[in-house]
1. Efficiency by 1/(1 + (r/R0)^6): what FRET value for residue B:198 and residue A:197, r their Cβ-Cβ distance, R0 = 22 Å, to the nearest 0.05?
2. Relative contact order of chain B, please, whole-number percent, based on alpha carbon pairs below 8 angstrom and at least 6 residues apart.
3. Going by amide H atoms built from the backbone, whose H comes under 5 Å of the H on residue A:160, apart from near neighbours?
4. What does the structure give for B:28-35 when I average, per residue, the other chain Cβ atoms found within 10 Å of the residue Cβ?
5. Which three semi-axes in whole Å describe the equivalent ellipsoid of region A:10-203, each the square root of 5 times a Cα gyration tensor eigenvalue, listed largest first?
6. Quickly work out the residue B:7-to-residue A:279 label distance, labels modelled 7 Å from Cα along the C-beta direction, and quote it in nm with one decimal.
7. Counting C-alpha atoms alone, how compact is chain B: give Rg to one decimal and Dmax as a whole number, in angstrom.
8. Tally Lys/Arg at +1 and Asp/Glu at -1 over every other residue whose Cβ is under 12 Å from the Cβ of residue B:228; what's the total?
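Please treat every number below as a calculation from the coordinates, not as lab data. All values reported here derive from a predicted model rather than from experimental measurement. Every residue, glycine among them, receives a Cβ derived from its backbone with ideal geometry; neighbour counts consider all protein chains shown.
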Amino acid sequence: MHIPDGFLSMRVCLVMGAISAPSVTYAARKAQTELQESRVPLLGAMGAFVFAAQMVNFPVGVGTTGHLVGGALLAFTLGPAASIVIMTAILAVQALVFQDGGVLALGANVFNMALAGVLAGYLPYYFFGHSSRKKVAIFLGAALSVLTSGTLALTELIISGVQVPQKALYVPLGLFSVNAILEGAITVAVIRSLEAFNPCWLKKPTPRVGSVVTVLIAASVILAAGGFLVASTYPDTLERFIERLSFTQGKGNQWVAPLAGYNAHFLRDAWLQKVAAGLVGLAILYVLCVVIGKLALKRRRG
Amino acid sequence: MHHVVLERWSRGASFFHARDPRAKILVALVFLVSVATTPMISPWPAVCYGFVLMAAGLIARLPLTAMAVRSAVVLPFSAIFAIMTFLAGNGAKAAELVQKSYFSALIVLLLLATTPLTDLLRGLESVGVPAFLLTVIQFLYRYLFVVSEQAQHMRLAAGSRGSFLASPRRARHWLRAAGGALAVLFARSYLRAEGIHRAMLARGFRGRFPAFHQPRFRVSDGIFSVLGIALLISLRWILQGSA
């Protein structure tokens, strides 16, 4: 789901851009060192491949079509850092040349599809892709990446003031789920054929964790993305929740106090605090997932 | 394919084509932000922005109708969310969404129709976008049409072998066939990239494209950006007053 310009408020564009720009720069540096000297042509050609694959539409329900997003597929073959760079390049070309997605909204689109999509998709594969139930991990990862980016996009639209009737919220969520299942199925089919061609093309997942942990991780990623959505559709509940945690009232202001002066009113802005809290929550959850996975791993080995 | 059109447009000759990419990027960004922040309740903003864009298109000697049609690709997406917002009881916001997304698409198209992509990327590099990412974008754009043409050939070949007879109802077979086709496309892109890389190394490629002419930021570019931004900001200010 490429968000065009004019839909997101400037605040959302700025916050998302401020997150995406350094992250992509970091990923670019990492991909550059990871790959042998200059294998830039490979990244370009794989981007072109995903682009071409995205043009193959398949019918979803009545009248609408879906297509492969490909972020997870790239992560399984080239690793997350290179995939983030490739997905960003695809989004940039789509925004500039094909008017698919906005230029001001590029930061948000990159966050949804290149960063969150790739990282969420890679997680199950990274921890679980080694075992006999590798197919499940691949399916789960691909489905997860589509679900995460779709939910995030919807959330950003709602935060920006695009109104969706609460009853109609099921329509996009239903479409995301169908697309997620299809993405999972196609990714599994592609990976299976690729393995037959040349097993070296698949990134070797390092560890081996139990299925329970994997399901837990997947569930928490969905919860995080979904929770963000719920929080934005029912802002009152969130506010009460935050008040109870005394996030904005007590701690928040004390923490801001040393910065009082230039940008205090900027930081004290309730909206910004809320969004920052949400994003920090997402990041903490992701790190937590990784840590839990690694701990589970150690116990198995030890 | 329609990309060829953009390549032809962007190599035209006009006042806009001759400007430095950085100046055009700056003005386009200011334009995008002012469109995104203008309240569009009365019809005046739409009339004004439409007029400015039309004048710019005429100065750049671009075919206005074709540009208007090309920018319409954003409308399906906008329409879906506009309808939802309309159903939620906010008709004004719905109309605003459609107008803003359409004008923004026109602005980006105007930028790309007066600046070849390679020049635009070089301009972005001097603004601080990582060179590695921009090189990947360059390669992607170069291979894009090669790979998608190959995909179309493969689809044609599959069709002549009778692939259209397989109904999606037999999902399992359909999935395996689609997965296999995509895997073949993946393998071909991968091998092609390796071959090209070797050929490029043999021709002295050192990780980045050489520039044949370095764009220079002239005085006229400075005047263009200052006047353009002043015009847009004053327009935005007047429209704020009218709303």
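1. 0.65
2. Numbers: 150 pairs, mean separation 86.8, N = 243.
Dividing the mean separation by the residue count of chain B yields 36 percent.
3. It is A:9, by chain and number.
4. Across the residues of B:28-35, the mean count of other-chain Cβ atoms within 10 Å is 2.
5. Equivalent ellipsoid semi-axes, largest first: 26, 22, 15 Å.
6. 3.9
7. Reported Rg and Dmax, both Å: 22.6, 65.
8. Here the charged neighbours net out to +1.
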